[in-house]
Amino acid sequence: MDFFSQHLLSLLIWFPVVGGVLVLATGDDRRAAAARWLALGISAVTFILSVPLWTGFNRLTADMQFVERSLWIERFQIEYFLGVDGISVPLVLLTTILTIVVVVAGWQVIQSRVAQYFAAFLIMEGLMIGVFCALDGILFYLFWEAMLIPMFLIIGVWGGPNRVYAAIKFFLYTLLGSLLMLVALLYLYRASGGSFDLLVFHRLPLSGSVQTLLFLAFFAAFAVKIPMVPVHTWLPDAHVEAPTGGSVILAAITLKMGAYGFLRIAMPIAPDAAHQIAPVIIGLSLLAVVYIALVALVQQDMKKLIAYSSISHMGFVTLGFFVFEVRAMEGAIVQMISHGFVSGALFLCVGVLYDRLHSREIAAYGGVIKVMPVFAFFMVFFAMANAGLPGTSGFVGEFLVILGTFSVNAWYAVIAALTLIVGAAYTLWMVKRVVFGAIRNPEVAKLKDLDRREFGVLLGVALGVLIIGIWPAPLLEVMDASVDQLLAHLAVSKL
Amino acid sequence: MSRELLYLLIPLSCLVAALVSGFLGSRIGRVGAHRAAIGGVGFAFVLSCVVAWDVFSGNHFNGPVYTWAVSGGTRFEIGFLIDPLSAVMMVVVTFVSLMVHIYTIGYMAEDPGYTRFFSYIALFTFAMLMLVMSNNFLQLFFGWEGVGLVSYLLIGFWYERDSAIRANLKAFLVNRVGDFGFILGIGAVLALFGSLDYQTVFDAAPSLAGETTQGPFGFEWHWVTLICLLLFVGAMGKSAQVPLHVWLPDSMEGPTPISALIHAATMVTAGIFLVARMSPLFELSTTALSVVLIVGALTALLMAFVALVQTDIKRVVAYSTLSQLGYMTVALGASAYSVAIFHLATHAFFKALLFLAAGSVIIAMHHEQDMRRMGGLRKVMPVTYITCVIGSLALAGIPPFAGFFSKDAIIEAVHYSSTPGAGFAYAAVLIGVVLTAFYSFRLVFMAFHGEGRMDTKTREHLQESPWVVTGPLVALAVPSVLAGLLLVNATMDGSLFGSSVVAGGVPKALDMTAGGMLAHAPVAVPFWLAVLGIVGAWVCYLWKPELPLKAVGRWNGIYRVLVKKYGFDELYQWAFADGARGLGHVLSEWGDRRLIDGWLVNGAARAVARTANLVRHVQSGLVYHYAFVMIIGLVALMSWFLFR
């Protein structure tokens, strides 16, 4: 047991990676069933492994827990340094839960290269958990970049017709950002006298101009990932081309890596720059809330609409971070988790329709409730969660961010609160045109309601959304000490 | 049984009823579903009566149920505040809800969505109870949005009708405009008081009343005024006050039972309840009260005029609801909070009655709602007719019916109010009395009197509705007659609501007892105004039916303005719905597609492509090869940095 808890994070990272390789070994599509069941088993075991992270986590301290540390590349003091605090634990759990969801969601939908598909997701799971656990700069960077490969494959191999454009766009955006992050990490290596320890970086005294440059370098990497306006246009394209499972992971977890990067790296390393640049970031966040919501309103493609909605919701996250207020920041983190469930579920819903009618056009549907009442229930439920209805997880983050922001600057809160109107407008208008109304397309009349597998997946996510909405206290309790400590750290100038 | 458990059981029994009838509806069947729903809500009604009895014996309660979240030192809790105000609301809500549940058995008998309907209305009752029983702003907002959700689902109940799903989207979004103010109001409460608990806020309010904040354009704002105005924006959305009233008439697309329950008796009064609950805050801000008063007066007057020209039986009642909500708001603005709640309660009974009576007519008419095709129904539908007349008399404010007392109390309160704008409001409510009486009896005369104007097939099938429909009508007619008489003394001397709302409004010197008011009625102006309205309706619709047409011809401009409902819908459609979509198209096309993608991204891509053209022969064109090359590139770059 001792060995287990000392190496829990390594297990969480490498078990799914090794598992993914095993799934890959099942080979061609004749053994697809084996690959599916194996993938499900591995993702389930990974989830079970992640449970002690939640139960065994000490909520009273902001120190890193489940720490693993050993020298990896001695020449450059690159360490294999893992640890989690209250900010990363919920994200790790989100990852392990949603991987099960995408495995089940891809069960029958994926019929070609089945083993490779599931292997890609499992390997990606391990790498994403690595991002959330790494405390060494280079280790973080490696996980960060390596995670792109399976994502690339998922879009590139199982994606839609325009996948090359989407992939190159994704490529250009991310490459630019990541390179600057690497440069920043290398600078910090030299400045710290030969270490890639992120916690050392946090304490490193840095001059104002250096902080600004470092912050901007990290900002380039993270803002693209989140994505923030105006570097967001890769996301709708990537979503549209990605298969359902890819969209779910992209929206639910990949975007969160950018936000997480701000909390773990950019802000604590360059707190003065963070304060200095905060008004710009808040401006961009509010732009995301309003501008993107208006753009979302006129989308014809359901996936694009949800993608834009994601950008708008992530605007709330960055807003919550950069007002430097406890409630707003905790709200932003809850929003990250909630958005993972809700946007993931909405992409699943679109996937359910796409599997049947092979169209994502809003105009192709209408009156779906008539033939798919159970599906309609879930779609309306998740739409309401997306619109931030109290009782769902979508409300918690929005509410706390608006409340926290109000106490800092009422005008920010006024603009942010517009999401109550515009967010509901684009979400429910889509629901109106897809779910309600009379059936106009004869193909829709032939649609079959959810099968057991789809029902189970959506029910599971719905329960998560409800539980967080009705009782978010445990989630907030986990992150409380870490957020307090982070804000205390950010309040002290490094100059 | 502990009190907490008792309180908890009231909303939970409705929730369980909703879940059972909703999720198990297909297993337990129609009868099972309506039994579950009626059982749950009936149980809640009985318990609410027990609680009310307990409260009026002096046992109040204020305490948490569970901690929702703790963040930044603020405890967000779910909890109950049980005092006379919430007790009255609980009894009204569960009683009307129970009646509507029973009525639904008859009204929705042939509808395929029967079990779904029961699930929704039980869920509504749950959310409404959470709203009125709350002891804090968070839970208030929960209930607030919960009733909004169910309202959305029920307006769009017949989801195949385009008009219905248009109306429900509109209702939700207009309410969201109100919620926008509401949530900012909650933010302001938290910023000023550091707590969302009512009692903490009310206790601290007087000492913080002088706090100001810098507003836009250099104005100094009193925090309390700001909070009250923001919260009132929320109330305006839910209680459909001008200019956020546009959703309520369209909500009539929903089945009639919910028009009675949600869009007349309970949900739309949530805003009134909110302001009454916040009376300790509103009392500190004359500015806010003045805004409340004027908005209420405008709503009461403008909407009463529109009711005059409606021909759809439900829309008449809907506009009358808007106007009456305006009356309640006027009472709030005049600091007569208990009077507002008094009118809320009597209105809940007689307006639910009128809606259900209208529904009964609609059943008989085979879903014809146009009053121009009705007439003479009193002979075939005696129970509906008599109860409808009772409801109309109560609405018109004829003594001794319930509406007389509550409306008269409002008029007196405004008369003696010193809130700025009271003069205008007084004129508005007096004119409103004539109009109310006129349109109420216009409905009665057009639907029930005169010659039948329906086609022969409908005429032959006319019959009184079954007992599940008429039973609730009779049950609601009883409080429509008696509620005013029974409650007026306790309301006016302050013993009914005690300290749960701030006492104010009508001067103590006036004799506002039941006896005094009845004795005074024949020499009071409002009474004769009401009589004038009824006689006017009789003249125009029975004695000289050609008069209305002549009037329309003479004042065609005014008539068109009223038929167009002052053009609010067109304006909003143009400015907000089309405006937002137009702006969205512009931003999407010029911002995202041309500027960012076309110029920045693809421009960069083209530059890269041109370079890559030179070396592309070594590349395979497969995406994962690119990815692989990228990693190699990064490693090379890293090495260069590290080894140099």
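The values are calculated or read from the model by the stated rules, or taken from the named source; none is laboratory data. Not measured: the values here are computed from a predicted model. With ideal geometry, Cβ positions are generated from the backbone for all residues, glycine too; neighbour counts draw on all protein chains shown. Heavy atoms of the whole protein, side chains included, go into the accessibility calculation; ligands, DNA and RNA do not. Shrake-Rupley method; radii C 1.70, N 1.55, O 1.52, S 1.80 Å.
The residues of region A:251-265 that are touching a helix residue (DSSP H, G or I) at 6+ places or on another chain (Cβ under 6 Å) and within 18 Å of A:Glu325 (Cβ to Cβ), listed by number, are A:Ala259, A:Phe262. As for region B:535-546, it holds at least one residue that is small (Gly, Ala, Ser), farther than 30 Å from A:Leu172 by Cβ and open to solvent by less than 40 Å² (accessible area, probe 1.4 Å).
Checked against (1) surrounded by fewer than 24 Cβ atoms within 10 Å (Cβ to Cβ); (2) farther than 19 Å from A:Phe406 by Cβ; (3) not hydrophobic (A, V, I, L, M, F, W, C), B:Lys238 meets all criteria but (1).
Selection of region A:443-454 for residues being open to solvent by less than 40 Å² (accessible area, probe 1.4 Å) and over 15 Å from A:Ile369 (Cα atoms) yields only A:Glu454.
If only residues of region B:428-481 that are more than 29 Å from the chain's Cα centre (by Cα) and among the small types (Gly, Ala, Ser) are counted, the one that is nearest to B:Ala297 (Cα to Cα) is B:Gly450.
Going by the conditions given, is B:Val46 farther than 17 Å from B:Phe80 by Cβ, surrounded by fewer than 16 Cβ atoms within 10 Å (Cβ to Cβ), of a type in the set (A, V, I, L, M, F, W, C) and within 25 Å of the chain's Cα centre (by Cα)? For B:Val46, the condition - farther than 17 Å from B:Phe80 by Cβ, surrounded by fewer than 16 Cβ atoms within 10 Å (Cβ to Cβ), of a type in the set (A, V, I, L, M, F, W, C) and within 25 Å of the chain's Cα centre (by Cα) - is met.
Residues that are open to solvent by less than 10 Å² (accessible area, probe 1.4 Å) and part of a loop (DSSP other than H, G, I, E, B) within region A:230-254 comprise A:His232, A:Thr233, A:Ala242, listed in sequence order. Of all residues in region B:50-66, those satisfying the criterion of being surrounded by 15 or more Cβ atoms within 10 Å (Cβ to Cβ) and either among the small types (Gly, Ala, Ser) or assigned to a helix (DSSP H, G or I) (or both) are B:Val51, B:Ala52, B:Asp54, B:Val55, B:Phe56. Of all residues in region B:23-41, one or more are open to solvent by 50 Å² or more (accessible area, probe 1.4 Å) and touching a Lys or Arg at 6+ places or on another chain (Cβ under 9 Å). Only one of the listed residues (B:Ala167, B:Ala171, B:Ala240) is closer than 24 Å to B:Gly143 by Cα, under 28 Å from the mean Cα position of the chain (by Cα) and either more than 14 Å from chain A (Cβ to nearest Cβ) or not in a helix (DSSP H, G or I) (or both). That residue is B:Ala240. Taking the criterion of being open to solvent by 40 Å² or more (accessible area, probe 1.4 Å) and free of Cβ contacts under 8 Å to residues at least 60 places away in the same chain, the residues of region B:468-498 that qualify are B:Val478, B:Leu486, B:Asn489, B:Asp493, B:Ser495. If you go through region A:374-401 and keep only what is in contact (Cβ under 8 Å) with a residue 60 or more places away in the chain and more than 9 Å from chain B (Cβ to nearest Cβ), you end up with A:Val374, A:Phe375, A:Phe378, A:Phe381, A:Phe382, A:Ala385, A:Asn386, A:Thr392, A:Ser393, A:Gly394, A:Gly397, A:Val401.
Suppose we filter A:Ala44, A:Ala34 for residues that are in a helix (DSSP H, G or I), open to solvent by less than 70 Å² (accessible area, probe 1.4 Å), among the small types (Gly, Ala, Ser) and in contact with a helix residue (DSSP H, G or I) (Cβ under 7 Å, 6 or more places away or on another chain); which single one remains? Break it down stepwise before answering.
Working: A:Ala34 fails: in contact with a helix residue (DSSP H, G or I) (Cβ under 7 Å, 6 or more places away or on another chain).
Checking each option against the conditions leaves just A:Ala44.
Determine whether B:Ser71 is open to solvent by less than 10 Å² (accessible area, probe 1.4 Å), within 14 Å of chain A (Cβ to nearest Cβ) and farther than 25 Å from B:Val488 by Cα. Taking the combined requirement at face value, the residue satisfies it.
Screening region B:151-164 for residues that are in a helix (DSSP H, G or I) and more than 9 Å from chain A (Cβ to nearest Cβ) and picking the one that is nearest to A:Tyr412 (Cα to Cα) gives B:Ser151.
Of the residues screened, A:Ser209 is not one that is touching a strand residue (DSSP E or B) at 6+ places or on another chain (Cβ under 9 Å) and either without any contact (Cβ under 8 Å) to a residue 40 or more places away in the chain or open to solvent by 10 Å² or more (accessible area, probe 1.4 Å) (or both). From the list A:Val483, A:Val457, the lone residue that is touching a helix residue (DSSP H, G or I) at 6+ places or on another chain (Cβ under 8 Å), more than 12 Å from every other protein chain (Cβ to nearest Cβ), touching a residue at least 60 places away in the same chain (Cβ under 8 Å) and buried (at least 17 other Cβ atoms within 10 Å of the Cβ) is A:Val457. Report whether or not B:Val189 is touching a helix residue (DSSP H, G or I) at 6+ places or on another chain (Cβ under 8 Å), closer than 28 Å to B:Thr269 by Cβ and open to solvent by 30 Å² or more (accessible area, probe 1.4 Å). Here the answer is no, as B:Val189 does not meet what is asked.
To keep it simple, each residue is scored yes or no on (1) part of a loop (DSSP other than H, G, I, E, B); (2) touching a Cys at 6+ places or on another chain (Cβ under 6 Å); (3) at pLDDT 85 or above.
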| site | (1), (2), (3) |
| --- | --- |
| B:Ser500 | yes, no, no |
| B:Val506 | yes, no, no |
| B:Pro548 | no, yes, yes |
| B:Leu562 | no, no, yes |
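The set of residues from region A:146-165 being out of contact with any Phe, Trp or Tyr (no Cβ under 9 Å at 6 or more places or on another chain) and more than 8 Å from chain B (Cβ to nearest Cβ) comprises A:Met147, A:Gly159, A:Gly160, A:Pro161, A:Asn162, A:Tyr165.
Scanning region B:94-110 for residues that are in a helix (DSSP H, G or I) and either closer than 20 Å to B:Met133 by Cβ or open to solvent by less than 10 Å² (accessible area, probe 1.4 Å) (or both) yields B:Thr94, B:Phe95, B:Val96, B:Ser97, B:Leu98, B:Val100, B:His101, B:Tyr103, B:Thr104. Mind checking whether some residue in region A:144-163 is touching a residue at least 40 places away in the same chain (Cβ under 8 Å), closer than 29 Å to A:Ala273 by Cα and part of a helix (DSSP H, G or I)? Checked against the condition, which is being touching a residue at least 40 places away in the same chain (Cβ under 8 Å), closer than 29 Å to A:Ala273 by Cα and part of a helix (DSSP H, G or I), region A:144-163 yields at least one hit.
Can you tell me which residues in region B:174-185 are surrounded by fewer than 24 Cβ atoms within 10 Å (Cβ to Cβ) and either within 7 Å of chain A (Cβ to nearest Cβ) or closer than 9 Å to B:Ile227 by Cβ (or both)? B:Val177, B:Phe180 - these are the residues of region B:174-185 that are surrounded by fewer than 24 Cβ atoms within 10 Å (Cβ to Cβ) and either within 7 Å of chain A (Cβ to nearest Cβ) or closer than 9 Å to B:Ile227 by Cβ (or both).
Residues in region A:403-429 that are within 7 Å of chain B (Cβ to nearest Cβ) and free of Cβ contacts under 8 Å to residues at least 40 places away in the same chain were compared, and the one that is surrounded by the fewest Cβ atoms within 10 Å (Cβ to Cβ) is A:Val414. Residues that are of a type in the set (A, V, I, L, M, F, W, C) and surrounded by fewer than 17 Cβ atoms within 10 Å (Cβ to Cβ) were ranked within region B:508-530; the one that is modelled with the lowest pLDDT is B:Ala509.
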